[in-house]
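Comments concern the structure below.
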Amino acid sequence: MNWRLATLVLVLPLAAPARAQSPPVRASLEIKYVRDAEEYATLTRQVYRVAGQKVTAARDALPRGRVWAVVLDVAQTTLDDAVYQLERAAYGVPFDTVNYGAWRARESAEPVPGVVEFVAAVRRLGGRVVWMTNDETTRDHLRGNLGRIGVWNEADLLCMNSADTAYTKAARRAEVAAGTGACSFGQPVTVLVFVGDQLGDFPRAGERDPDAGNDDAFGARYFLLPNPMYGGWERRVTRRR
């Protein structure tokens, strides 16, 4: 055998085999922040604590016998969907109603820190709870998950989206206040506090709520929770000032 060929045969097995480069894993720090940061949990507990204080003060100022309620969004306001976001990022799949519906059907979302104590305080004070969501998953799964974390009551209202695109949150908020329609208790209700994680969870200018479109209402009647994982800001610039 040619000595050069023999040398090549001896050397080649010692070379490290070539490996395909794995695609870099996206560092989903916004998901980690919600799941792991004590700062996030402290913020949400803080928001709910202040909201509870405002509810107590506003309830004491109401005429005797007046029916009152609080309105809460569900996803990332009541139910923490960070595990769904983590799984979606791990598999590299976009949001769609099918995979989100499968997640919701598991009824395994944990409560956003602070919400359980807030809802318990509202009930002790004699208030009612309205859950308002654009979640398109089944009503039974939402009620099941809310029940599992200990915040659902059969006297509550669960106001969901529908195939009618005109049935917006604004339309449902109007029904709650007026006491008419599918999203109502059958009598006028004073809403003391709104809690959500997107600006669409709060009355906008043009709605009949007395604070609609008023930025000063945040921290007084409107309480916004941090959500760095998703929102309208992902697709466009939403900041105005």
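Enumerate the pairs (first residue in the stretch 32-44 and free of Cβ contacts under 8 Å to residues at least 60 places away in the same chain; second residue anywhere and surrounded by 17 or more Cβ atoms within 10 Å (Cβ to Cβ) and part of a helix (DSSP H, G or I)) with beta-carbon separation below 6 Å, excluding pairs fewer than 6 apart on the same chain, so at least 6 apart or on different chains.
As it stands, the answer is Arg35/Ala82, since those pairs meet every condition given.
Specify which of the listed residues (Val55, Val67, Val47) is within 15 Å of the chain's Cα centre (by Cα) and open to solvent by less than 40 Å² (accessible area, probe 1.4 Å).
On inspection, the qualifying residue turns out to be Val47.
Of the numbered conditions (1) at pLDDT 95 or above; (2) out of contact with any helix residue (DSSP H, G or I) (no Cβ under 6 Å at 6 or more places or on another chain), Gly52 fails exactly one; give the number of that condition.
Status for Gly52: all satisfied but (2).
Out of curiosity, is Val122 over 17 Å from the mean Cα position of the chain (by Cα) and open to solvent by 30 Å² or more (accessible area, probe 1.4 Å)?
Considered against the rule, which asks whether it is over 17 Å from the mean Cα position of the chain (by Cα) and open to solvent by 30 Å² or more (accessible area, probe 1.4 Å), Val122 comes out as no.
Looking at the stretch 181-213, which of the residues that are open to solvent by 40 Å² or more (accessible area, probe 1.4 Å) and within 22 Å of the chain's Cα centre (by Cα) is farthest from Val74 (Cα to Cα)?
That would be Gly213.
Look through the stretch 214-241, keep the residues that are charged (D, E, K, R), assigned to a helix (DSSP H, G or I) and over 21 Å from Val34 (Cβ atoms), and return whichever of them is most open to solvent (accessible area, probe 1.4 Å).
Asp216
Please count how many residues of the stretch 208-220 are touching a Gly at 6+ places or on another chain (Cβ under 8 Å) and under 12 Å from Arg173 (Cα atoms).
1
Do we have any residue at all in the stretch 32-40 that's assigned to a helix (DSSP H, G or I), closer than 30 Å to Arg104 by Cα and either basic (Lys, Arg) or at pLDDT below 95 (or both)?
yes
Could you list, in sequence order, the residues of the stretch 126-173 that are of a type in the set (Asp, Glu) and either modelled with pLDDT under 95 or open to solvent by 30 Å² or more (accessible area, probe 1.4 Å) (or both)?
Matches in the stretch 126-173: Asp135, Glu136, Asp140, Glu154, Asp164.
The values are calculated or read from the model by the stated rules, or taken from the named source; none is laboratory data. Every value quoted in this text rests on a predicted model; they were computed, and no experiment measured them. Positions of Cβ are backbone-derived with ideal geometry, glycine not excepted, and every protein chain shown enters the neighbour counts. Just the protein is used for accessible areas: all its heavy atoms, side chains included, with ligands, DNA and RNA removed. Shrake-Rupley method; radii C 1.70, N 1.55, O 1.52, S 1.80 Å.
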